Amino acid sequence: MKRALITGITGQDGAYLSQFLLGKGYEVWGFLRRSASAEVIDSRLRWLGIERDIRMIDGDLLDLSAIIRAVQESKPHEVYNLGAQSFVKTSWNQPLLTGMATGMGAANMLEGVRIAAPEARFYQASSSEMYGLIQEPIQSETTPFYPRSPYAAAKLYAHWMTVNYRESFGLHASSGILFNHESPLRGIEFVTRKVTDAVARIKLGLASELPMGNLDAKRDWGHARDYVKAMWLMLQQDKADDYVVATGVTTTVGEMARAAFAHVGLNAEDYIKIDPAFLRPAEVDVLHGNATKAKEKLGWVAETSLAAMIAEMVDADIARHKKRIG
């Protein structure tokens, strides 16, 4: 039986990846930072009905000794580093924490694997935010990076450390440069889930408007359930490498919001209110991924359309609120 160790296992990607690997017969271990919200921390795993199928190990990405012990205990064939401070807006308010958790945390994981399980295959969750002020209209693995937030800068450090450990120590270490990917398990602080949750509350009469920031920003949105498969495929290759994972389709924030309202028969313009508080200090205007390499080398393609994903998210949020209000 193959064993996988996942950091960030209670997040959106960690939950879907766990479900995917369990379906393939893996023994799945989670590296978990304990917090005051312990009673709800595994809510995504419970949503998928897999919380009892995962073996948890306490630890923190900033504690190399805990990482080494977790690797020694789980004896993983594959390590997926998904843990991070991953909310871009928060990274301006907590730049040092973001640098430590998102950047140094990845370096700690790489060092822990190098010391305790050098034969394990390692996946680093890189981000399209690293492209930032885009240097090419469509971004591929060879597009220069230009990060525009503390989060993106931290992710860039983690990305290049992964390359460095691959080239310096011979680790089978790959990075997935994932463009925006969403699902019903997305955190409420992210724009897609913020929209679908608001649409659900407005439809049910629990809210009357949706405050938004920049509606003109363009993103390449896919479904997290599709994207975790790409992570796994990278670690099945003979040679480690870096891959862009994207749909190749861009949509504005405004168009995404209108699709969500249209799904429940409402007109977005009647409810969206622009609030300057939601504007970023430095905006990433356009992200548009070229996943040709992933298609050709991994055989991976995005399977879920934006419309289908947004509909799934709205329906899930309506179900959540109906359950809450009885």
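If you go through the stretch 25-41 one residue at a time, do you hit one that is aliphatic (A, V, I, L, M), surrounded by 23 or more Cβ atoms within 10 Å (Cβ to Cβ) and part of a helix (DSSP H, G or I)? Within the stretch 25-41 (the criterion being aliphatic (A, V, I, L, M), surrounded by 23 or more Cβ atoms within 10 Å (Cβ to Cβ) and part of a helix (DSSP H, G or I)), the answer is no, since none of the residues qualifies. Taken as a whole, the structure leaves Ala224 outside the set of residues that are surrounded by fewer than 20 Cβ atoms within 10 Å (Cβ to Cβ) and within 15 Å of Leu306 (Cβ to Cβ).
Checked against (1) modelled with pLDDT under 95; (2) surrounded by 15 or more Cβ atoms within 10 Å (Cβ to Cβ), Val264 passes all but a single condition, namely (1).
Residue-level check: of (1) charged (D, E, K, R); (2) in the same structural domain as Asp315 (by TED's automatic domain parsing); (3) modelled with pLDDT of 95 or more, Asp285 misses just (3). Based on what the data block shows, is Asp238 acidic (Asp, Glu), in contact (Cβ under 8 Å) with a residue 24 or more places away in the chain and at negative phi? Spelling it out, it is not the case that Asp238 is acidic (Asp, Glu), in contact (Cβ under 8 Å) with a residue 24 or more places away in the chain and at negative phi. Of all residues in the stretch 44-60, those that are free of Cβ contacts under 8 Å to residues at least 60 places away in the same chain and under 22 Å from Ala224 (Cβ atoms) have Cβ atoms under 6 Å from Cβ atoms of residues that are part of a strand (DSSP E or B) and among the small types (Gly, Ala, Ser), 6 or more apart or on another chain, in Ile54/Gly30; Met56/Gly30.
Residues in the stretch 48-78 that are in contact with a strand residue (DSSP E or B) (Cβ under 6 Å, 6 or more places away or on another chain), aliphatic (A, V, I, L, M) and outside any helix (DSSP H, G or I): 3 in all.
Among the candidates Val301, Val284, the residue that is in contact with a Gly (Cβ under 6 Å, 6 or more places away or on another chain) and under 30 Å from Ala230 (Cβ atoms) is uniquely Val284. Hey, could you check the stretch 288-326 for residues that are part of a loop (DSSP other than H, G, I, E, B) and surrounded by fewer than 18 Cβ atoms within 10 Å (Cβ to Cβ) and say which is modelled with the lowest pLDDT? So the residue we want is Gly326. Go through the stretch 292-326 and give me each residue that's among the acidic types (Asp, Glu) and within 17 Å of Asp220 (Cβ to Cβ). Across the stretch 292-326, the qualifying residue is only Glu303. The C-beta contact set for the stretch 116-141 (first residue free of Cβ contacts under 8 Å to residues at least 40 places away in the same chain, second residue of a type in the set (Ser, Thr, Tyr), distance under 8 angstrom, 6+ apart or interchain) comprises Gln135/Thr143; Gln135/Tyr146; Glu136/Thr143. Checking each residue in the stretch 138-177 for being among the small types (Gly, Ala, Ser) and touching a helix residue (DSSP H, G or I) at 6+ places or on another chain (Cβ under 8 Å) picks out Ser140, Ser149, Ala152, Ala153, Ala154, Ala158, Ala173, Ser174, Ser175, Gly176.
The values are calculated or read from the model by the stated rules, or taken from the named source; none is laboratory data. Worth saying up front: this structure is predicted, and the values here are computed from it rather than measured. A quick note on method: Cβ atoms are made from the backbone with ideal geometry, for glycine too, and the neighbour counts reach across all protein chains shown.
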